[in-house]
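The structure under discussion appears below in the form of structure tokens.
The values are calculated or read from the model by the stated rules, or taken from the named source; none is laboratory data. As the structure is a computational prediction, the values presented were derived from the model and not from experiment. Using ideal geometry, Cβ is built from the backbone for each residue, glycine included, and neighbour counts are taken over all protein chains shown. Ligands, DNA and RNA are stripped out before the accessible areas are found, and what is left, the full protein with its side chains, is counted by its heavy atoms. Shrake-Rupley method; radii C 1.70, N 1.55, O 1.52, S 1.80 Å.
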Amino acid sequence: MKYAGLLVMPAGFLLTLAALVLFADPPRRLAFVFCGLAVEVMGLIVAVRGHMPQRG
Amino acid sequence: MNPMPPMTPAPAAAMSDVAIAVTLVLLLLAPLAIAGLTLINTGLGRSRSAAQAMLGSLFLGAVAAVVFAIAGAGFAGLPGNWAVVLHAYGKTWSILGLGGFFLHGLGSATPQAQLGLLFEILAVVMAVLVPWGSGADRWRLAAGGASAVVLAGLVFPLAAHWIWGGGWLAALGTNFSLGAGFLDGGGAATVHALGGLSALALVWIAGPRRGKFPREGLSTAIPGHNAVYVQFGCLLALVGWLAWNAASAILWLHAPLTALPGTAINTLLSAAGALVATFTVTRARFGKPDASLCANGWMAGLVASCAYAGLATPAESLFAGAVAGIFTPLLVEGLELALSIDDPSGAVTVHGAAGLWGLLAAGFFAPQPGQMLAQLVGVAALLGVIFPLIYLLYALLNRVVAFRVDPDGERMGMDLHELGGGAYPEFVIHRDESYR
């Protein structure tokens with residue numbers, strides 16, 4: 001969990017790059033870029049949760 | 001992948017002598033932003049770590065400048081220099097600069113290139129100081145210096161090449177018709193988002209200050225030791241930022257000199273809007289305005305303005321600054337209370353989140369079609385490549401040079417433990433503070 005989120009974030013970036021390369025029409029490109037960003041944000045949330053210190 | 005001169009956009013017309021002189025004067029004022037950040041970091045820490053915080057700022061800045069001059073500047077490159085280029089999908093992706101190590105060729109470079117290099121040296125010094133504030137009271141000087149080597153030698157140059165050195169983010173406009181490519185005139189990405197993300201990696205790896213998160217109840221408040229340092233740092237930072245954003249508009253956005261008053265007005269309005277918003281939010285939430293959170297809001301407005309000061313209208317700058325000022329106190333509080341992130345200087349929010357917000361706001365405000373998409377791709381690169389890279393390098397570094405001071409040192413205070421003397425030798429430290 002601690003590192004899973006950090007591994008997911010580059011995958012989101014690759015999805016963003018794929019959107020640039022594979023799609024020329026702006027709406028579809030924008031949708032896939034947002035998908036990539038959403039994956040990155042989810043990875044960040046998982047990483048944040050995994051790094052929460054033990055209370056006390 | 002092969003080394004070759006990258007196919008970058010044609011460089012802008014050569015700067016006039018007047019523009020060169022004005023830019024140089026502005027860059028000589030820009031270190032006031034670094035001085036302001038140093039004072040803020042010190043004031044938000046504890047009195048028993050104040051000397052270490054100040055010396056650490058100088059030390060990290062010095063290490064970063066030396067490492068960047070030796071290696072980083074070569075990796076950052078400038079448009080037209082040699083670079084590692086990837087040819088894929090019919091496009092040219094410039095990944096990393098290759099040339100100018102040890103500042104080779106600086107003497108024969110154009111004044112514009114020399115000014116760009118000076119700007120980047122100041123930018124890398126600023127970038128390494130951002131996480132230093134987050135590691136207050138527990139981050140060792142040696143580890144801070146090692147992190148400065150990593151940031152100035154590889155991470156910052158990588159981002160700087162992508163954005164300022166004719167790299168693939170700068171070429172999004174020519175390669176994919178996305179506006180003018182990724183726009184980051186003042187370093188909202190290369191300096192602040194990068195610094196804020198490295199601060200997040202640091203606080204995860206170093207852990208919270210001792211006693212910050214007790215077993216039960218809310219987190220322990222550890223207020224900064226000198227609000228005057230913090231507020232004066234904000235004023236110093238304003239002067240530096242006005243010069244910084246104006247210089248960056250000339251260097252990276254190729255703005256004419258006549259655009260500089262507008263850039264300065266946008267910078268000031270962004271900070272002012274942010275402070276008014278933070279003042280209002282903290283007064284509404286706590287009954288009284290909070291001095292350190294208001295300082296954080298002011299800085300968040302300045303940080304966000306780095307991205308759009310050269311592009312936006314005054315009204316847009318005021319709006320974007322106000323948005324930064326609204327989310328800053330809420331996010332600082334949320335990160336601490338909900339996610340147990342111990343960030344004494346608030347750098348994760350003030351530099352990381354506000355920098356990312358500024359980049360997105362620049363996409364909204366820029367007139368070119370497709371600019372928003374270019375900004376989104378840049379943000380994705382920061383979150384998906386730069387942040388994991390920083391975390392990986394910090395985690396490896398932590399195995400070689402332990403980030404966190406030992407418990408006795410933390411109890412004693414970083415000044416006594418690392419420097420052998422306190423910042424305020426005439427102060428008496430209470431027993432309950434020494435052994436809490």
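Summary table
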item: Pair B:ALA21, B:HIS104: separation of 7 Å Cα→Cβ label points (nm); result: 3.6 nm
item: Label-point separation in nm, A:LEU14 to B:ALA88, each point 7 Å along Cα→Cβ; result: 1.0 nm
item: Charge dipole of the range B:167-324 about the Cα centre (unit charges at C-beta), most positive-ward option of B:GLY240, B:GLY262, B:LEU172; result: B:GLY240
item: Computed [θ] at 222 nm, deg cm²/dmol, chain B (DSSP H ≥ 4; -39,500 (n - 2.57); rounded to nearest 500); result: -18500 deg cm²/dmol
item: Positive dipole terminus of chain B, leading residue within B:LEU416, B:SER108, B:GLY297 (C-beta point charges); result: B:LEU416
item: Prolate/oblate/rounded label for the range B:146-279 (Cα gyration tensor, a/c 1.5); result: oblate
item: Total accessible area lost when B and A pair, probe 1.4 Å, Å² to nearest 100; result: 2500 Å²
item: 18 Å Cα-Cα reach of B:LYS212 towards aspartates and glutamates, excluding residues that sit fewer than 8 places from it in its own chain; result: B:ASP137, B:GLU333, B:GLU336, B:ASP342, B:ASP343, B:ASP406, B:ASP408, B:GLU410, B:ASP432, B:GLU433
item: Listed residues B:THR349, B:THR110, B:THR220 arranged by accessible area, highest first, probe 1.4 Å; result: B:THR110, B:THR220, B:THR349
item: Label zone at A:TYR3, where the point sits 7 Å out along the Cα-to-Cβ direction: the range B:381-425 residues whose backbone N lies under 20 Å; result: B:384-404
item: Computed accessible area, A:ARG28, all protein chains, 1.4 angstrom probe, square angstrom; result: 130 Å²
item: Other-chain or far-sequence residues with amide H under 5 Å of B:ILE95's (modelled H); result: B:VAL84, B:VAL85, B:LEU86
item: Shielding score for B:381-393, defined as the mean number of other chain Cβ atoms within 10 Å; result: 5
item: Accessible area, probe 1.4 Å, largest first, for residues B:LYS91, B:LYS288, B:LYS212, A:LYS2; result: B:LYS288, A:LYS2, B:LYS91, B:LYS212
